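K.L.:
Please read through the structure below; I'll follow up with questions.
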Amino acid sequence: MSQHKPIITKGVDWVIIWLYAIICCIGLVCIFSVEFKGNDQFFQSLFAFKKNYSKQMMFFCFSIVLAIFILLTDSKFFTATPNILYIIGILLMSATFVFGKNVSGSRSWIPLGFMNLQPVETCKIFTALALSKYLAQPGTDFTKTRSHAIAAGICFLPIVFSLLQNETGLALVYFAFLLPMYREGLPAGYLILGASLGVLLVVTLLVPTTQLLIAIAIIAAACIFFLWRKIKRNRNLLVIIISVWGISALFAGVAVPFLFRSVFQKYQADRIFSMVGRDNPFIEADPNTVSIEDAAANKKKKDDKENYNVKQSKIAIGSGGFAGKGFLKGTQTQGDFVPEQHTDFIFTSLGENFGFIGTTILMLLYMAFLLRVIVIAERQRSTFSRVYAYSVAGLMFFHIAVNICMTIGLAPVIGITLPLMSYGGSSLLTFTILIFILVKLDSDRQMVLR
């Protein structure tokens, strides 16, 4: 009598599931090391669900149940409902303005009793599905500007709601959808333009605006002078130079000041400028400052406050050395010196307890996970599944890169979690759903899904 595999395991990529489980377990260990004290009763605190590590264990168990449910779902459900789910996601984000709970200055949470739901997190799933649905439609010609604009609009709408909810960090995450769009044929010119504006933004942080505008004008004039003979033969070259000059001047002189005055919160702008050693030039001077000594004292206090998290994070990671201090032996971790260590700064716990070896192992696990997602993406027969897989890869990479750079002082602190590691039901459930929808689509990769 022949034996048949259960439906739930048919075609499932176990490599991605094992990597998911291992990273989640490492996250649980790190959260446990942050909160567990020597005088705590382990089993009593674990099942009381009052500690963050016990709550995270509950979220992890629920995630397993949810993963099984996704694997039992017909793949066609995910191709048939993206537009409806996307609308639901936007409505949930809108609902935060009415039913939302204010957490750390952000009104982006909906209280559900046993946990707080953050729609801007879950909307990443719906956006990935909606983008995949649009790009997989037979009538979509992604070589045309109109298609580029529609795809960008699908990703841009959640960004608007995120900014209105003071969730600037999560708004930036949606730029990760550029990866699947580029894979499907987005012209490289868009990425070059974006990268150029990114470089100009960094330069704007380093150089006063007036001096930068003068420098841009000089560079444009120099280009016209040295290329005058070519310009006389081809007037389009002059149009290109003037256009580049105009865009650069508007970006540095208008867009960047607007960004730091009206989009970023003051503390976020201050953190960004403190990284490059400058005061925020887009705020008015403190009228209470009456002397140079007072100004210097105020600046020092402000810098200490803004950089405290990062300083303590770097101290914790650095103190771990090569092999770490050992599990539950980290002085920074056990002493609660790093704020938000169980969420945004969970990487510091791993660095202090397990040192360079532990952080390297985690980075290798993340690298293996991302590479596996790319392998899964490239073996899909369906455009829908391929776009969705690259969306997962882009979101994961963005979160990993920005979060780790935050903890070691290479990026401003903008409140982005470390995937599958940071404490939080919304974050863990969101990444679980993202990953297991991909696993389900991959298990049915012989089907051409639209």
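The values are calculated or read from the model by the stated rules, or taken from the named source; none is laboratory data. Note that the coordinates shown come from a computational prediction; the quantities given were computed from them, not determined experimentally. Using ideal geometry, Cβ is built from the backbone for each residue, glycine included, and neighbour counts are taken over all protein chains shown.
K.L.:
Given the conditions (1) closer than 30 Å to residue 140 by Cα; (2) among the small types (Gly, Ala, Ser); (3) modelled with pLDDT of 85 or more, report the number of the one that residue 196 does not fulfil.
P.N.:
(3)
K.L.:
Right, something else. Please identify the pairs in which a residue from the range 12-37 that is in the same structural domain as residue 361 (by TED's automatic domain parsing) has its Cβ atom under 7 Å from the Cβ atom of a residue that is among the hydroxyl-bearing types (Ser, Thr, Tyr) and surrounded by fewer than 20 Cβ atoms within 10 Å (Cβ to Cβ), counting only partners at least 6 apart or on another chain.
P.N.:
Cβ pairs passing all conditions: 12/443.
K.L.:
Find the residue count for the range 341-368, including only residues that are closer than 20 Å to residue 34 by Cα, assigned to a helix (DSSP H, G or I) and touching a helix residue (DSSP H, G or I) at 6+ places or on another chain (Cβ under 7 Å).
P.N.:
Residues meeting the conditions: 11.
K.L.:
For the range 69-83, indicate whether the set of residues that are β-branched (Val, Ile, Thr) and under 22 Å from the mean Cα position of the chain (by Cα) is non-empty. Before the answer, list the steps.
P.N.:
Taking the range 69-83 as the starting set, the residues that turn out to be β-branched (Val, Ile, Thr) are 70, 73, 79, 81.
From what's left, under 22 Å from the mean Cα position of the chain (by Cα): none.
Within the range 69-83, none of the residues are β-branched (Val, Ile, Thr) and under 22 Å from the mean Cα position of the chain (by Cα).
K.L.:
Also, I was wondering about something else. Taking residue 388, is it under 30 Å from residue 340 (Cβ atoms) and crowded, with 22+ Cβ neighbours inside 10 Å?
P.N.:
So residue 388 fails the test.
K.L.:
How about the range 373-427: which of its residues are among the β-branched types (Val, Ile, Thr) and assigned to a helix (DSSP H, G or I)?
P.N.:
The answer is 373, 374, 375, 376, 383, 387, 392, 400, 402, 404, 407.
Yes/no matrix, rows are residues, columns are (1) buried (at least 22 other Cβ atoms within 10 Å of the Cβ); (2) acidic (Asp, Glu):
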residue	(1), (2)
127	yes, no
135	yes, no
141	no, yes
147	no, no
170	yes, no
175	no, no
180	yes, no
